[in-house]
Amino acid sequence: MAEFVVCLFAFFLLVIAGVQFALWSHASHLARAAAEQGSQFASDYGSTETAGTQAAYQFIAMTGPGTLTGPVVKTTTGPGDVAQVTVTGRTQALIPWLDLTVSATSDTPIQEYRPSG
């Protein structure tokens, strides 16, 4: 009987760990997709850094509003005319003391008009 209780506890621990990994993985993919969305908007011809930041926040709100908690989006225009968007946040935790942070960065060249001639 004691073996059954130990095995049942280990089984539930593995299930919780698996679900927690799935939540972390989903939040990580959401952060990556939001960063890519934001960098695409920020790199459009005539666009601004603010447009990229807003696009990333809107993507998070529409795609996974509860998946990535406390998202922070930072958009910069780096050297070489590159729009860079970084999305950071926390994943939902099944275990109260567990604090899992995810972060993703996307770089996209800024589109510009170059007259031929």
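No lab work stands behind these numbers, since they all come straight from the coordinates. Note that the coordinates shown come from a computational prediction; the quantities given were computed from them, not determined experimentally. Cβ coordinates were reconstructed from backbone atoms using ideal geometry, including for glycine residues, and neighbour counts include every protein chain displayed.
Among A31, A17, A55, the largest mean-square fluctuation in a Gaussian network model of the chain (Cα springs under 10 Å) belongs to A17.
Centre-to-centre separation between the Cα atoms of the range 74-116 and those of the range 1-71: 14 Å. Specify the angular offset, from 0 to 90 degrees and rounded to the nearest 10, of the alpha carbon long axis of helix 2-43 from the longest principal axis of the alpha carbons in the chain. Taking Cα atoms only, the helix is inclined about 10 degrees.
Along the axis of the charge dipole computed for the range 2-109 (Cβ charges of +1 for Lys and Arg, -1 for Asp and Glu, origin at the Cα centre), the listed residues M62, L14, Q84 are led at the positive end by L14.
Of the chymotrypsin sites (Phe, Trp or Tyr not before Pro) in the range 13-117, which ones lie in a loop per DSSP and count no more than 10 other C-beta atoms within 10 Å?
On the way: sites: F21, W24, F41, Y45, Y57, F59, W97, Y113; in loops: Y45, W97, Y113.
Sites meeting the loop and neighbour criteria: Y45, W97, Y113.
Let me test this: with uniform point scatterers at the alpha carbons of the chain, what is the Debye-based log₁₀ I(q)/I(0) at q = 0.14, 0.21 1/Å? Here log10 of I(q) over I(0) equals -0.63, -1.01.
Simple spin-label estimate for F11 and T50 gives 5.7 nm between the two label positions (7 Å along the Cα-to-Cβ direction from each Cα).
Evaluating 6.51 cos²θ - 1.76 cosθ + 1.60 at θ = phi - 60° for every residue in the range 92-107, the Karplus couplings come out as 5, 10, 7, 9, x, 8, 8, 10, 9, 9, 10, 8, 8, 10, 10, 10 Hz, glycine and proline recorded as x.
In terms of other Cβ atoms within 10 Å, I60, I95 run from fewest to most in the order I95, I60.
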